[in-house]
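Values quoted throughout were computed directly from the atomic coordinates according to the rules given, and no laboratory measurement underlies them. Source: prediction; values computed, not measured. Here the Cβ positions follow ideal geometry from the backbone for every residue, glycine too, while neighbour counts run over all protein chains shown.
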There are 2 protein chains.
Amino acid sequence: MIASKIAGMLKEKDNIAIVSHVMADGDSIGSMLALYNALKKMNKNVSALTGDKLPKVYSFLPGFQDIRNCDSLRDKNYDLLIVLDCGSLDRIGLCSSIKAGMIINIDHHITNSNFGDLNLVDAKASSTGEIVYQIIKLMGVDISKDEAVCLYTAILTDTGCFKYSNTTLATHQIAGDLITYGFDFGKIHDMVYSNYEYDCLKLLGKALSSLQLYEGGRIALMELLYDDFKGINLEDISTSEFIDYARDIGTVEEAAFIKETSLGEFKVSFRSKRIVDVRAICEKYGGGGHIRAAGCTITGDLKYVRDTVINEMKKALKDEMV
Amino acid sequence: MIASKIAGMLKEKDNIAIVSHVMADGDSIGSMLALYNALKKMNKNVSALTGDKLPKVYSFLPGFQDIRNCDSLRDKNYDLLIVLDCGSLDRIGLCSSIKAGMIINIDHHITNSNFGDLNLVDAKASSTGEIVYQIIKLMGVDISKDEAVCLYTAILTDTGCFKYSNTTLATHQIAGDLITYGFDFGKIHDMVYSNYEYDCLKLLGKALSSLQLYEGGRIALMELLYDDFKGINLEDISTSEFIDYARDIGTVEEAAFIKETSLGEFKVSFRSKRIVDVRAICEKYGGGGHIRAAGCTITGDLKYVRDTVINEMKKALKDEMV
């Protein structure tokens, strides 16, 4: 079994680098640090590396301060390079310069290209954290609070708090086991999901105040204009989830969020719940995405953009109702 | 074992009423309907009863339409009255008029007064749903999708999406088992946690726009004035969770939400994160609550109320920092 083979290699080799993908998320950082902490306990010469900036929200994870930029270690030669949560090798970005005798690819994306010398790709796992949990068990290392915090965070974030359809019986069994290691999992939920920036809430307030319904409440429109961003430090702020509020109004089928990113240029995000193909709308304006979540950029004055968006949404809804 | 005894009684008796507490929540309705659906399958003459209005948000639960007002059945005589999720018998409100040969009390509140003829009180269970799951298993009934949806909703809501400290290994194991019955649990998360009213989001927008920070970001203040509620249908709207946004700003220790409920009368909610005792503030103004969540009513003009609230918060923070 490939998982046992990988566990065996990790026990055998000494110089080990662990990397994950650029634009790191809770699963990539959590699974990396879980394995890092476990290998540390085995007195391995192990490095957790990144070629990208890390989101501050995960700085509570044990070992976070030890993550180094791969650039500083490009002359080192590792026995093993463990690549976590990457469907293809280009996802590791600048870390591709790392030299290693062997690449081990551990992932849960069904699209994985099997780029490693050893490949453990389990598309049924909710998260890479779930697979790393099994490997740590196979290595015979006693999981401690540090690894448990990292793995729980990986699973929590990749399942959207046990909500996404990738959540399985095994996911809950592992999460249940992890919380027995005695850490404050409620605090992790808060740090990941209820940890706001003041400027972000002010922007959300403006966006919600702009909310308008059309077609008997089946269409919702939200806006943020160029002036709304004045004096706002956008570095740690994402407005990408604002549109979820509009979509999640009980009566709404179709929602759009118009964001003036520079004067006269509007980024428009569309969402639908069950019937409307919003990608088709976006493709007409040179954008794209998925059927229920898509985006495009429209230039012009606000009235033109707003009218265009509302008319396209009304038309799409009408077409689907026929 | 008391659980087996109760399962035996449920199998033996035929006329069974199930009630839960007034101001019903996901656990009380979910556990009631799970047991109701299971007993229905056993061809029992079973009634799910309430003496109160039910929150519409749970109308997706199988059997919800069958819940009847206990008033219509006050002349009936039941073999068993199953009381779920009630720490004391007065929690069933008007359903106390129901006549039954025996009362079975099933609950998870540590304060339970053991008011039943049989009492199954498990304070280690996250929810009454978790206990009802065990009873249905002991009755030897095959759980089907309907019961699974009800029990999952009960557990989900009483654990705050597996976040609260009442969540245990057993909780996750049961949730994991329940999702194997093949229902769309993601949709349940959405219906319970992401199901907004337009008017509520408009109010939230106004509240967030009013957000102000003090003391280097450690204090947050939010307001909704009497005029903000004009034209808003308040029947299905709760603003009680708005203050969580203010409290959950990274820098904030102490937050207040001033709500003008009638002209010149302000309901003020306070929250703190770790150090400030906000109950002490509220008690000075005739209010009360918990150390980290409390409320009071202050009358006067807006400037007076706002100054009072800010000064009290600054003082409390200073006292704790000494």
Final fewest-first order of A:297, B:159, B:239 on the 10 Å Cβ neighbour count is A:297, B:239, B:159
Could you tell me the distance between the Cα centroids of segment B:187-217 and segment A:143-191, to the nearest Å? 26 Å
Show me, for segment B:299-312, the HN-Hα J-couplings you get by feeding each phi into the Karplus relation (A = 6.51, B = -1.76, C = 1.60, θ = phi - 60°), rounded to Hz, glycine and proline as x. 9, x, 8, 4, 4, 4, 5, 4, 4, 4, 5, 4, 5, 4
For segment B:2-193, give the magnitude of the charge dipole about the Cα centre (Cβ charges: +1 Lys/Arg, -1 Asp/Glu; no others), in debye to the nearest 20. 240 debye
When the charge dipole of the protein assembly as shown is computed with +1 at the Cβ of Lys and Arg and -1 at the Cβ of Asp and Glu, the Cα pointing farthest to the positive end, of B:297, A:221, B:55, is that of B:55
The protein assembly as shown, dipole about Cα centre (Lys/Arg Cβ +1, Asp/Glu Cβ -1), debye to the nearest 20: 440 debye
Treat each spin label as a single point 7 Å out from the Cα along the C-beta direction, and report the residue A:226 to residue A:89 distance in nm. 4.5 nm
About the Cα centre of chain B, how large is the charge dipole given +1 on each Lys and Arg Cβ and -1 on each Asp and Glu Cβ? Please answer in debye to the nearest 20. 260 debye
Picking from B:89, B:109, B:175, whose Cα lies most toward the positive end of the charge dipole for segment B:2-193 (charges on Cβ: Lys, Arg +1; Asp, Glu -1)? B:89
Of all DSSP beta bridges with both partners in segment A:198-321, the antiparallel percent, nearest 5, is 75 percent
In nm to one decimal, list the spacings between the residue B:45 label point and its equivalents in the other copies, with label points set 7 Å along Cα to Cβ, shortest first. 8.1
Would you give the gap between the C-alpha center of segment A:254-285 and the C-alpha center of segment B:22-45, rounded to a whole Å? 43 Å
For B:117, A:177, what ranking results if the residue with the fewest other Cβ atoms within 10 Å of its Cβ goes first? B:117, A:177
Karplus couplings for segment A:214-220 from phi (6.51 cos²θ - 1.76 cosθ + 1.60, θ = phi - 60°), rounded to Hz, Gly and Pro as x? 9, 6, x, x, 7, 10, 10
Gap in Å between the Cα centre of segment B:105-130 and the Cα centre of segment B:295-322? 40 Å
Relative contact order of chain A (C-alpha contacts under 8 Å, at least 6 apart) in percent is 12 percent
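Just counting partner chain Cβ atoms within 10 Å, what average do the residues of peptide B:209-219 show around their Cβ?
2
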Fewest to most neighbouring Cβ within 10 Å: what's the order for A:157, B:128, B:180, A:168? B:180, A:168, A:157, B:128
Using a 4.7 Å cut-off between beta carbons, which cysteines in the protein assembly as shown end up with no partner cysteine at all? A:86, A:150, A:161, A:200, B:86, B:150, B:161, B:200
Along the charge dipole of segment B:2-193, Cβ charges K/R +1 and D/E -1, which of B:118, B:43, B:154 sits furthest on the positive end? B:43
Using the Karplus curve 6.51 cos²θ - 1.76 cosθ + 1.60 with θ = phi - 60°, what ³J(HN,Hα) values do you get for each residue of segment B:255-264, in whole Hz, with x for Gly and Pro? 9, 9, 10, 9, 10, 7, 7, 9, 4, x
Using the alpha-carbon atoms, what tilt in degrees (0 to 90, nearest 10) does helix A:198-209 show relative to the longest principal axis of chain A? 30 degrees
At a 10 angstrom cut-off on C-beta neighbours, averaged per residue, how do the peptides B:78-87, A:210-219 rank from highest to lowest? B:78-87, A:210-219
Please report Rg over Rh for segment A:2-193, where both radii come from the alpha carbon positions and Rh follows the Kirkwood definition. 0.93
In segment A:52-101, what trypsin sites (Lys or Arg not before Pro) fall in a loop by DSSP, with at most 15 other Cβ atoms inside 10 Å? A:53, A:74, A:76
Past 31 Å, Cα to Cα, is the threshold; run B:163/B:267; A:124/B:41; A:124/A:187; A:40/A:99 against it and keep the listed order. A:124/B:41
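For residue B:187 and residue A:304, FRET efficiency with R0 = 41 Å and r from the beta-carbon atoms, rounded to 0.05?
Details: r = 37 Å, r/R0 = 0.90.
It comes out at approximately 0.65.
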